[in-house]
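Each remark here refers to the structure printed beneath this line.
Rule-based calculations on the coordinates, nothing more; no lab input. The model shown is predicted, which means the values in this text are computed figures rather than measured ones. Every residue, glycine among them, receives a Cβ derived from its backbone with ideal geometry; neighbour counts consider all protein chains shown.
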Amino acid sequence: MITKISAYAQLMRLHKPIGTLLLLWPTVWALWFASHGIPLISILVIFVLGVIITRSAGCVVNDLADRNFDGHVARTKKRPIVTGQVSIAEALGLFLLLTIFGFFCVIYLNNFTIMMALVAVILMTIYPFMKRITYWPQVVLGVAFSWGVLMAYTAVQNALPWESIELFFIAFLWTLSYDTIYAMVDREDDKIIGIKSTAIVLGQYDVLFVTTLHGLVLLGLLLFSYQQHLSSYFYPFWFLAVAVTVYQTKLITTRDSQKCFKAFLNNHWFGLLIFIGIFLSIP
């Protein structure tokens, strides 16, 4: 029983919280902006739980979709479905259970947010299959991982003001940058097994692409902070975030898989620094 629970936890990546954190940071940025400060505790708890459940369910779908590929990639060959620790039926049951839990979270929010949550489920479900269809699956992930920004505004304001679209686009570009770095980790294996990604289609321009996105994200955050009248406390943390992106660029320039993975993980600090700046700076 304990072994099975452990396998389920691995399937949901509970032992690897980086994905949850990357989904969480833009969501809480938006909650703070939409609330003009600290949001209601009830809404904050619902969104934190929703992030954990959504990411966990997304991992289950991803592993179901990739079950015939993961065994050929060194980084993924020990995943529970590949090793037989979790059957396909069990994985489908776990996905259904997580979806039900997620529904019970959002049911306490307004109807607009519930409808947005249904779209989020669709995005989460289709993303893993985009890697067979297009070299730009990172675009779909960018929309999926930034959707929480829009949901934060609908939950707090029951509306989608222009500022929510701006912040969504900033979060989208950030996701596109770090998921391209992530794709650089598996590029050679993905070429062999036929998985598509931005890292493959961009080739030698991958680092330039990521660096350009970093610049756009940082500029976008700077302009957004000015529009939102953030205090001067925001800017030291923005400069630290700049340093983080410079460090990431240095890591990925070699295109070494381990260094690229380290750069990907480093994005947690970027999200955290921006959140601290927002937390301290909203008037």
Size of the dipole of the range 56-127 about the Cα centre, Lys and Arg at +1 and Asp and Glu at -1 on the beta carbon, nothing else charged, in debye to 20?
-> 220 debye
Ellipticity estimate at 222 nm from DSSP helix runs (n ≥ 4, -39,500 (n - 2.57)) divided over the chain, nearest 500 = -26000 deg cm²/dmol
Across 10 Å bins from the origin, how do the percents of Cα pairs in the chain run, short distances first?
-> 7, 29, 35, 23, 7, 0
About its Cα centre, what dipole magnitude does the range 2-281 give when the only charges are +1 on Lys and Arg Cβ and -1 on Asp and Glu Cβ, stated in debye to the nearest 20?
-> 620 debye
For the chain, the helices passing both cut-offs (Cα extent along own axis of 15 Å or more, Kyte-Doolittle mean at least -0.5, full DSSP H runs) are 18-35, 41-65, 88-106, 111-133, 137-157, 162-185, 206-227, 234-252, 267-281
Let me know the number of lysine pairs in the range 2-281 closer than 24 Å at the Cα, not counting same-chain pairs under 8 apart.
-> 29
